[in-house]
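Okay, structure first, notes after.
Every number here is computed from the coordinates shown, using simple stated rules; none is lab data. Since we're looking at a predicted model, the values are computed, not measured. Don't worry about glycine lacking a Cβ; one is built from the backbone with ideal geometry, like all the others, and counts go over all protein chains shown.
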Amino acid sequence: MAGSVLIGLALLPMLIYLVGSSLLGRYEGASLGHLYGSIYSGLLQGNWASWIVILGPALLLLLGRGLLSWWRRSAQFAH
């Protein structure tokens, strides 16, 4: 679980920047450092978008585990 939060803190902003700049092109004033700064300052201000970026991988992991558990339990009741 901590690894997925670490991925959200370290890698996800970089992936967002790289995919955004490759699909939409670079624009003036945009940099990877600026994106990291914006996300981390948004965390301190309680910005929902920043929290979703950081906690997104952990929430997806929890969702996957929950769905897998639900699927396994439903298979047990089917027999």
With the crude spin-label approximation of a point 7 Å out along Cα→Cβ, what separation in nm comes out for Val5 versus Leu23? 2.8 nm
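Mean Kyte-Doolittle of at least 0.5 and a Cα length of 18 Å or more along the axis: which whole DSSP H helices of the chain meet both?
In the chain, the long hydrophobic H runs are 32-45, 48-78.
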